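**Student:** My questions all concern the structure below.
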Amino acid sequence: RPAVDAWQQAVETRLLPRLKPDFPLVAAICGGGSSGKSTLFNALVGRSLSPTGGRAGINRRPLIAINARYEKQPEVADALCDPFGCTPKLLETMEELASPGDPLLCYQESLPPGLALLDTPDFDTGAGGSYQNREMAERSLSAADVLIYIFTNANYNNRDNTDFIARMLTTVGTRNSFLVYRVYPSFSDDEVLDHAGTVARNLYCQGAERHVLGVYRAGEDNRVAAGERSVGVVPTGDGQVGLMDALSRMDPRQVKGELHRSIFADVIHQGRGFVEAVRQANEHLAAYLEGLRTIQRSSVQEALSHLPMDA
């Protein structure tokens, strides 16, 4: 039943609402505690909207930023909030993000049309296998078309983190991602690419080269962590453009078309698996019932042989 419920949720929240041709591309920034998600979000939006700091788990709810032109298309905001089961609510103060709750929305002229940027809560804040933001993080990442995964030298090979992200990326449909490595300037580009390659293989196994759209490095700086300056995101590798340029150049229809085909293929494959599982269960149940009837007949016959004739 849990597998069927997850399948149904994927159909209803990830496939059907996003077939609209003018729906923006949803890019979710994700990562572990204190990885720099909100700092990166603010840098891409061009404005300090999400609180930052050295303490993990500051932000407890998602923040969605979209171009101001969508203010005249309220159905877009409705569809963005649909996976969370809520109605759109505008961000009023930064402090609202520190309390658990439904996602908040803001309109920004600086964002390119056709792009929705999503800042997600930490998915690994907690202890003893209890994660305080995990459910909301799962909803956020399930609602995205492409992921921006930011990680540090401390957790780039943390399999618990990458296994969680891999499940979000590949369970129903396979989504592409950008990798952002927050690292000290002393690290060479070769070291950055080597560590990013480890992350990519942990996420996609053999499909890493096809699904990782770019690798970027973000400077490790105490002033950035304190919110005193914006983070710089630099591409690694020849011919690679900046992260925001790469997001702006993505064709939402093409990305969504590929993603929908991938989701649809997985939905059909998993649906057929459920049907086959039910068929086998029916066969097992029929065999069990026939065996039960056989035992009953044998027991009745044996019992009759011991009954007195006058009874």
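The values are calculated or read from the model by the stated rules, or taken from the named source; none is laboratory data. Keep in mind the model is a prediction, meaning the values are calculated, not measured. Please note: Cβ atoms are built from the backbone with ideal geometry, for glycine as well, and neighbour counts cover all protein chains shown. These area figures cover heavy atoms from the full protein model, side chains too; ligands, DNA and RNA do not enter into them. Shrake-Rupley method; radii C 1.70, N 1.55, O 1.52, S 1.80 Å.
**Student:** Would you mind stating whether SER48 is at pLDDT 85 or above and not in a helix (DSSP H, G or I)?
**Tutor:** So SER48 fits the description; yes.
**Student:** Another question, if that's okay. Do any residues in segment 22-37 that are open to solvent by less than 10 Å² (accessible area, probe 1.4 Å) have Cβ atoms under 8 Å from those of residues that are assigned to a strand (DSSP E or B) and among the small types (Gly, Ala, Ser), where the two are at least six apart or on different chains, and which pairs are they?
**Tutor:** Correct list of pairs: PRO24/ALA116; LEU25/ALA116; VAL26/ALA116; ALA27/ALA116.
**Student:** Condition first: in contact with a helix residue (DSSP H, G or I) (Cβ under 9 Å, 6 or more places away or on another chain), within 14 Å of LEU25 (Cβ to Cβ) and either among the hydrophobic types (A, V, I, L, M, F, W, C) or not in a helix (DSSP H, G or I) (or both). Now tell me which residues in segment 252-273 satisfy that.
**Tutor:** LEU259
**Student:** Sort out which residues of segment 281-311 are surrounded by 10 or more Cβ atoms within 10 Å (Cβ to Cβ) and either at pLDDT below 90 or polar (S, T, N, Q) (or both), and write them in order of number.
**Tutor:** ASN282, THR294, GLN296, SER298, SER299
**Student:** Go through LEU63, LEU90 for me and flag whichever is touching a residue at least 24 places away in the same chain (Cβ under 8 Å) and either surrounded by 18 or more Cβ atoms within 10 Å (Cβ to Cβ) or not basic (Lys, Arg) (or both).
**Tutor:** Of LEU63, LEU90, the one residue that is touching a residue at least 24 places away in the same chain (Cβ under 8 Å) and either surrounded by 18 or more Cβ atoms within 10 Å (Cβ to Cβ) or not basic (Lys, Arg) (or both) is LEU63.
**Student:** List every residue pair whose Cβ atoms sit under 9 Å apart, with the two residues 6 or more apart in sequence or on different chains, where the first one lies in segment 232-259 and is on the phi > 0 side of the Ramachandran plot and the second, anywhere, is of a type in the set (Val, Ile, Thr) and part of a strand (DSSP E or B).
**Tutor:** Taking only residues 6 or more apart or on different chains, the pairs are GLY237/VAL215.
**Student:** Right, another one. Considering only residues that are open to solvent by less than 50 Å² (accessible area, probe 1.4 Å) and within 18 Å of GLY36 (Cβ to Cβ), which ones fall in segment 183-202?
**Tutor:** VAL183, PHE187, VAL192, HIS195, ALA196, VAL199
**Student:** Something else now. When you check ARG139 against the structure, is it free of Cβ contacts under 8 Å to residues at least 40 places away in the same chain, open to solvent by 20 Å² or more (accessible area, probe 1.4 Å) and under 30 Å from HIS269 (Cβ atoms), yes or no?
**Tutor:** no
**Student:** Take the residues in segment 234-250 that are among the hydrophobic types (A, V, I, L, M, F, W, C) and open to solvent by less than 40 Å² (accessible area, probe 1.4 Å); name whichever of them is nearest to the chain's Cα centre (by Cα).
**Tutor:** Here the answer is LEU247.
**Student:** Another one. Across segment 225-265, which residue is farthest from GLY114 (Cα to Cα) among those that are at pLDDT below 85 and among the acidic types (Asp, Glu)?
**Tutor:** So the residue we want is GLU228.
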